[in-house]
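Take a look at the structure below.
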Amino acid sequence: MKIVCLFPGIGYTCDKPLLYYSWKMFAAHGWKVVPVPYGGFPSGVKGNAKKMEKCAEMALDQAEELLKDIDWSLYDSILFISKSVGTVAACAYSARHRIPCRHVLFTPVEAAFSFRIKDAIVFHGTADPWADSDMVRTACRDAGFRLFITPNANHSLETGDIDTDIDTIKSTMKIVREYAEEDHK
């Protein structure tokens, strides 16, 4: 059996393109899809390290409650797909519970790289105001993660050009699907 958990961002919920199409794609291929719909975050988080840390703690606490009844041993393939602050919650949760999962990190924030996860792919836009491109490149290199860069894209991997953004979603979903289908044993 296969399961994918979706860890959204602060304002980037599971009905936004990266998570919405991930959900639809995996559901169509027979995976059990479990959204982790946490919320209640404070405002004014961007640029405020204390508020960002608080949001990550809130997301993790809520994920603990939302995922507490899942028996991870039933699944031969576990994938955590996360976005922004959700990357911190997903990495922390998998590390805390020693879940043998793979990660898709959409526009991760710096704190996500502080956990010792072993298997991940990362997507980052060079115009992302929430994460420095050099930091992301260095963290991915040091961890051995494949990094996919979208030039001039923001924290949602969008450039403002609709044709480019649609192409980005399509190519990103193809990469995510191929990653999920790889033999990671």
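Do you know which residues across the stretch 64-93 are assigned to a helix (DSSP H, G or I) and either of a type in the set (Phe, Trp, Tyr) or buried (at least 24 other Cβ atoms within 10 Å of the Cβ) (or both)? Scanning the stretch 64-93 gives 72, 85, 86, 87, 88, 89, 90, 91, 93.
Against the conditions (1) modelled with pLDDT under 95; (2) in contact with a Lys or Arg (Cβ under 8 Å, 6 or more places away or on another chain); (3) farther than 14 Å from residue 104 by Cβ, residue 32 satisfies every one except (1). Condition check: within 24 Å of residue 46 (Cα to Cα), of a type in the set (S, T, N, Q) and within 13 Å of the chain's Cα centre (by Cα). Does residue 156 satisfy that? Against the criterion (within 24 Å of residue 46 (Cα to Cα), of a type in the set (S, T, N, Q) and within 13 Å of the chain's Cα centre (by Cα)), residue 156 qualifies.
Residues that are within 23 Å of residue 167 (Cβ to Cβ), assigned to a loop (DSSP other than H, G, I, E, B) and either touching a helix residue (DSSP H, G or I) at 6+ places or on another chain (Cβ under 8 Å) or among the charged types (D, E, K, R) (or both) within the stretch 108-144 comprise 108, 126, 128, 131, listed in sequence order.
Pairs meeting the criteria (first residue in the stretch 130-147 and over 24 Å from residue 55 (Cα atoms), second residue in a helix (DSSP H, G or I) and of a type outside the set (S, T, N, Q), beta carbons under 6 Å, at least 6 apart or on different chains) are 147/140.
If the condition is being without any contact (Cβ under 8 Å) to a residue 12 or more places away in the chain and of a type in the set (Lys, Arg), then the stretch 1-33 contributes only 24.
The values are calculated or read from the model by the stated rules, or taken from the named source; none is laboratory data. These figures come from a predicted structure and were not determined experimentally. Positions of Cβ are backbone-derived with ideal geometry, glycine not excepted, and every protein chain shown enters the neighbour counts.
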